[in-house]
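Notes to accompany the following structure.
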Amino acid sequence: MAKQKVQYEFPMHCLSEILYEYLASAEGLAEWFADEVTEKGDDFYFSWGGGAEEKATLIRYKPESFVRFRWEEDEGTKNFFEMTIVIDEITEDLSLNITDFCEPGDEEENRLYWENLIENLRIKLGAA
């Protein structure tokens with residue numbers, strides 16, 4: 001069954017330049033996204049407790065704007081996860097928009113997963 005696209009928006013209280021470093025570098029991602037992250041070219045290897053490792057490839061990016069990764073298991077599909085920094089032109093409020101794909105019926109679990117990750121990121125940024 002095909003995964004479905006889900007999108008979330010999280011207000012952030014930090015500088016876009018700093019936030020981007022947490023999204024686009026192995027060191028930054030290891031602070032909040034996974035226990036350990038290593039980078040080899042465009043391939044990122046994410047490790048969590050218990051030794052499970054997953055590979056994602058950086059497929060698109062724009063400095064200080066967004067990063068888009070595709071998990072190895074999703075190769076050959078249009079599935080990806082993307083983290084986009086959005087700054088409101090009028091208020092200058094910054095938000096982090098997430099685009100992801102999940103199995104039908106897993107939307108709530110996916111939303112909670114991202115909420116937890118973003119809370120970890122806010123703590124690391126001192127933006128909680």
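The values are calculated or read from the model by the stated rules, or taken from the named source; none is laboratory data. Everything quoted here is computed from the prediction, not taken from an experiment. Heads up, the Cβs are rebuilt from the backbone with ideal geometry, glycines too, and the neighbour counts pull from every protein chain shown. Remember, those area values only see protein heavy atoms, side chains included, never the ligands or the DNA or RNA. Shrake-Rupley method; radii C 1.70, N 1.55, O 1.52, S 1.80 Å.
Only one of E82, E9 is within 18 Å of E115 (Cβ to Cβ) and surrounded by 15 or more Cβ atoms within 10 Å (Cβ to Cβ). Can you tell me which? Don't jump to the end; show me each part of the working.
Values: E9 fails: surrounded by 15 or more Cβ atoms within 10 Å (Cβ to Cβ).
Result of the check over E82, E9: E82.
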Of all the residues that make up the stretch 109-128, how many are more than 13 Å from the chain's Cα centre (by Cα) and under 18 Å from V6 (Cβ atoms)? 2
When the stretch 38-57 is checked residue by residue, the ones that are closer than 17 Å to E82 by Cβ and open to solvent by less than 30 Å² (accessible area, probe 1.4 Å) are F44, F46, A56
Give me the residue from the stretch 58-70 that is hydrophobic (A, V, I, L, M, F, W, C) and more than 19 Å from Y8 (Cα to Cα) and, out of that set, surrounded by the fewest Cβ atoms within 10 Å (Cβ to Cβ). I59
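Can you tell me how many residues within the stretch 67-109 are among the hydrophobic types (A, V, I, L, M, F, W, C) and out of contact with any helix residue (DSSP H, G or I) (no Cβ under 8 Å at 6 or more places or on another chain)? Spell out the reasoning first.
The first filter runs over the stretch 67-109 and keeps only residues among the hydrophobic types (A, V, I, L, M, F, W, C), leaving 67, 69, 71, 80-81, 83, 85-87, 90, 94, 96, 98, 101-102.
Next, only the ones that are out of contact with any helix residue (DSSP H, G or I) (no Cβ under 8 Å at 6 or more places or on another chain) stay: 69, 71, 81, 86, 90.
Number satisfying all stated conditions: 5.
Name the residues in the stretch 100-112 that are more than 17 Å from T84 (Cα to Cα) and assigned to a helix (DSSP H, G or I), would you?
Keep residues of the stretch 100-112 that are more than 17 Å from T84 (Cα to Cα), which gives 102-110, 112.
Scanning the stretch 100-112 gives E107, E108, E109, N110, L112.
Please tell me if G49 is in a helix (DSSP H, G or I) and within 23 Å of R122 (Cβ to Cβ).
Numbers: in a helix (DSSP H, G or I): no; within 23 Å of R122 (Cβ to Cβ): yes.
It is false that G49 is in a helix (DSSP H, G or I) and within 23 Å of R122 (Cβ to Cβ).
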